[in-house]
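A short write-up of the structure that comes next.
The values are calculated or read from the model by the stated rules, or taken from the named source; none is laboratory data. Note that the structure is a prediction, hence the values are computed from the model and not measured. Reconstructed Cβ throughout: ideal geometry from the backbone, glycine too, with neighbour counts over all protein chains shown. Calculation scope for accessible area: heavy atoms of the full protein, side chains included, ligands and nucleic acids excluded. Shrake-Rupley method; radii C 1.70, N 1.55, O 1.52, S 1.80 Å.
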Amino acid sequence: MAASPPPLLRLLLTLALALTVAAAGKISAPRTPISHDIYHSSDSLLREIKALVARHSDKLSMDTITTSNKGYSADLFVVTFNHVKESVDNGSKVHILLSFGQHGRELITSEVALRLLYILTEKRKIAGVDLSSFEKVLENLVIKVVPMENLNGRKRVEEGQLCDRRNGRGVDLNRNWSVDWGKKEKDYDPYEENPGIAPFSEPEAQIMRELSRSFKPHIWVNVHSGMEALFMPYDHKNTTPNGASAHLMRSVLENLNHRHFQDSCLVGSGGGSVGYLAHGTTTDYMYDIVKVPMPFTFEIYGDEKASTDDCFKMFNPVDKTTFDRVINKWCMAFLILFEEGLRNLRDAQIVSRGTMDNWVPIGGDVVERNVAQKTARERRKLEGLDLGMQELRTYFRLFMLSTFLLMFMFCTRISKNRNRDSGNVFDP
């Protein structure tokens, strides 16, 4: 009979076996699969959007944009909502650009895009709230929706790579923009945050850049999941912009947070609030380069209790009740954002006022434009006229003084000439 191993060796073998079992259990821990009874596939979602556009061609249109780079091709679908398509945009309409699904694993964001398009066209209620009063606001907006910015990355997730947020060739599209591109923090994860070989190396980012340049949005929202937050620039540093623009952005977000979320959302800069700095992001580019007055990043859902390996559960609701609650809550949030953005942009005179002196806020009574604001605007106009008259009076006085001086000089010279001529006559 073989001798048993010494006690110390038995203890080491037991510990090694326990660690092996624990590691194996961790590796093989079950991951929540995609809830196909709740979520659309990428193909079915896009088909449904195309059908919706066909039914409402008076308000919706859809463009498909394809771009290739070094053998890699990407398609982007852009849906445009214009309440009265034949109307001429005279500068009073607010341009809003919304992007969903920039990270492939965040399926819930594209579902919000689909429901929002339904609300804008067919379903006029959210959780029992009548939205008919919102028509007046919609008449003053042009909204472009990118329902699935990272279609190729979404396909990878549907094929089983549930933790992948990158595009079809492994680049994080929210690190591929030029503002502070390529900088790496100490906790940089090359799998998660690959910025690409150069700014705008990826076709998806190239298309979005050209769309932002041509559309010139007043409001930009990049929609993500992972937590609940309302972010403004900057992502690449722990600060917000200075001046009136920063005050305007923060005012809109704080009003939205107070009105709709009961002050429960995190509000501030992405870099200062989320716990890490992100370089080469879309929102920072929209603010610094495109000069969008209100560029935001919305984080619409996150399960803090989910394992870091269970990505579908971490970034997406897995039951129908939570799914519906998240979608209804954030669709309403977007409608309130449209209302707040329109009002603040016009108060700041970034867009012309149009016909919005009176409007009906969602779920509220008719609101008269603040009389004090009207009076202040009229007072400013009168002050401007008064200032103009003062300047005219000043110029007139200067003109009269100059004329008097010229006449005086002219008369003095004539007098001198006469005296000199008189002296010549009587000179011996």
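Anything in the range 178-205 that is outside any loop (DSSP other than H, G, I, E, B) and in contact with a Leu (Cβ under 7 Å, 6 or more places away or on another chain)? List them, or say none. The answer is 204, 205.
Here's the yes/no breakdown for (1) crowded, with 20+ Cβ neighbours inside 10 Å; (2) of a type in the set (A, V, I, L, M); (3) in contact with a strand residue (DSSP E or B) (Cβ under 9 Å, 6 or more places away or on another chain); (4) within 23 Å of residue 211 (Cα to Cα):
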{"position": "130", "(1), (2), (3), (4)": "no, no, no, no"}
{"position": "135", "(1), (2), (3), (4)": "no, no, no, no"}
{"position": "143", "(1), (2), (3), (4)": "yes, yes, yes, yes"}
{"position": "148", "(1), (2), (3), (4)": "yes, yes, yes, yes"}
{"position": "159", "(1), (2), (3), (4)": "no, no, no, no"}
{"position": "162", "(1), (2), (3), (4)": "yes, yes, no, no"}
{"position": "167", "(1), (2), (3), (4)": "yes, no, yes, yes"}
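Yes/no per residue for (1) in a loop (DSSP other than H, G, I, E, B); (2) more than 26 Å from the chain's Cα centre (by Cα); (3) closer than 25 Å to residue 146 by Cβ; (4) at pLDDT below 85:
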{"site": "306", "(1), (2), (3), (4)": "yes, yes, no, no"}
{"site": "309", "(1), (2), (3), (4)": "yes, yes, no, no"}
{"site": "313", "(1), (2), (3), (4)": "no, no, no, no"}
{"site": "334", "(1), (2), (3), (4)": "no, no, yes, no"}
{"site": "345", "(1), (2), (3), (4)": "no, no, yes, no"}
{"site": "361", "(1), (2), (3), (4)": "yes, no, no, yes"}
{"site": "372", "(1), (2), (3), (4)": "no, yes, no, yes"}
{"site": "377", "(1), (2), (3), (4)": "no, yes, no, yes"}
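Quick one: which residue in 303, 288, 324 is acidic (Asp, Glu), over 21 Å from residue 229 (Cα atoms) and open to solvent by 10 Å² or more (accessible area, probe 1.4 Å)? Sole residue among the options that is acidic (Asp, Glu), over 21 Å from residue 229 (Cα atoms) and open to solvent by 10 Å² or more (accessible area, probe 1.4 Å): 288.
Within the range 169-180, the set of residues being open to solvent by less than 10 Å² (accessible area, probe 1.4 Å) and among the hydroxyl-bearing types (Ser, Thr, Tyr) is empty. Restricting attention to the range 181-207, the residues being among the acidic types (Asp, Glu) and surrounded by fewer than 20 Cβ atoms within 10 Å (Cβ to Cβ) number 4.
Here's a check for you: in the range 56-66, which residue that is surrounded by 11 or more Cβ atoms within 10 Å (Cβ to Cβ) and more than 23 Å from the chain's Cα centre (by Cα) is nearest to residue 168 (Cα to Cα)? Ranking the qualifying residues of the range 56-66, first place goes to 56. Apart from one condition, residue 93 fits all of (1) open to solvent by less than 50 Å² (accessible area, probe 1.4 Å); (2) at pLDDT 95 or above; (3) touching a Leu at 6+ places or on another chain (Cβ under 7 Å); the exception is (2).
Can you tell me how many residues within the range 93-129 are in a strand (DSSP E or B) and either touching a His at 6+ places or on another chain (Cβ under 8 Å) or in contact (Cβ under 8 Å) with a residue 12 or more places away in the chain (or both)?
Of all residues in the range 93-129, those in a strand (DSSP E or B) come to 94-99, 125-126, 129.
Next, from what is left, pick out any that are either touching a His at 6+ places or on another chain (Cβ under 8 Å) or in contact (Cβ under 8 Å) with a residue 12 or more places away in the chain (or both): 94-99, 126, 129.
So the answer is 8.
How many of the residues in the range 41-55 are crowded, with 17+ Cβ neighbours inside 10 Å and in contact with an Asp or Glu (Cβ under 9 Å, 6 or more places away or on another chain)? Spell out how you get there, then give the answer.
Going through the range 41-55, the residues crowded, with 17+ Cβ neighbours inside 10 Å turn out to be 42, 45-46, 49, 52-53.
Then keep just the ones that are in contact with an Asp or Glu (Cβ under 9 Å, 6 or more places away or on another chain); that gives 42, 45, 52.
The number of residues fulfilling the criteria is 3.
Scanning the range 213-240 for residues that are in contact (Cβ under 8 Å) with a residue 12 or more places away in the chain, open to solvent by 10 Å² or more (accessible area, probe 1.4 Å) and not aromatic (Phe, Trp, Tyr) yields a count of 12. For residue 210, are the conditions met, namely being open to solvent by less than 10 Å² (accessible area, probe 1.4 Å) and under 17 Å from the mean Cα position of the chain (by Cα)? No; evaluated as a whole, the condition is false for this residue. Condition (residue is under 23 Å from residue 173 (Cα atoms) and either surrounded by 22 or more Cβ atoms within 10 Å (Cβ to Cβ) or not polar (S, T, N, Q) (or both)) applied to the range 242-261: is it met by at least one residue? So far as the range 242-261 goes, no, none of its residues is under 23 Å from residue 173 (Cα atoms) and either surrounded by 22 or more Cβ atoms within 10 Å (Cβ to Cβ) or not polar (S, T, N, Q) (or both). In the range 262-275, which residues are assigned to a helix (DSSP H, G or I), out of contact with any strand residue (DSSP E or B) (no Cβ under 6 Å at 6 or more places or on another chain) and open to solvent by less than 30 Å² (accessible area, probe 1.4 Å)? 271, the sole residue that qualifies.
Residues in the range 234-247 that are modelled with pLDDT of 95 or more and either in contact with a Ser or Thr (Cβ under 6 Å, 6 or more places away or on another chain) or assigned to a helix (DSSP H, G or I) (or both): 234, 235.
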